[in-house]
Amino acid sequence: MLPKEMLNEFTGKVCSIVLFESSFGTNARILEVEDNWLKIKDETGISIINGDMVKSIRLLPEKHQKKYQ
């Protein structure tokens, strides 16, 4: 389970999110964190991800922060 306090630092920011079943990450804005679920927005739209499936989250540089608003 991902620590909610740490995830709150990424809320509202564009991040690279890598899932356990995938070798590639997705770049998305984390819109909301509730319990163990992440609501994200990427180029395909809005998705809900189970936090247990997240391998890593990395904050993207400032130049990417205007995407997916």
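Coordinate-derived values only; no laboratory data. Given the structure is predicted, the values throughout are model-derived calculations rather than measurements. For neighbour counting, all protein chains shown are included, and Cβ atoms are generated from backbone atoms with ideal geometry for every residue, glycine included.
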Exercise. Can you tell me which residues in the stretch 10-51 are in contact (Cβ under 8 Å) with a residue 40 or more places away in the chain, charged (D, E, K, R) and part of a loop (DSSP other than H, G, I, E, B)?
Worked result: LYS13
Problem set entry | Test for ASN27: is it in contact with a Cys (Cβ under 9 Å, 6 or more places away or on another chain) and among the polar types (S, T, N, Q) | yes
For this session: Select from the stretch 41-63 the residues that are surrounded by fewer than 14 Cβ atoms within 10 Å (Cβ to Cβ) and closer than 12 Å to PHE20 by Cα and write down the one among them that is nearest to the chain's Cα centre (by Cα).
Result: SER56
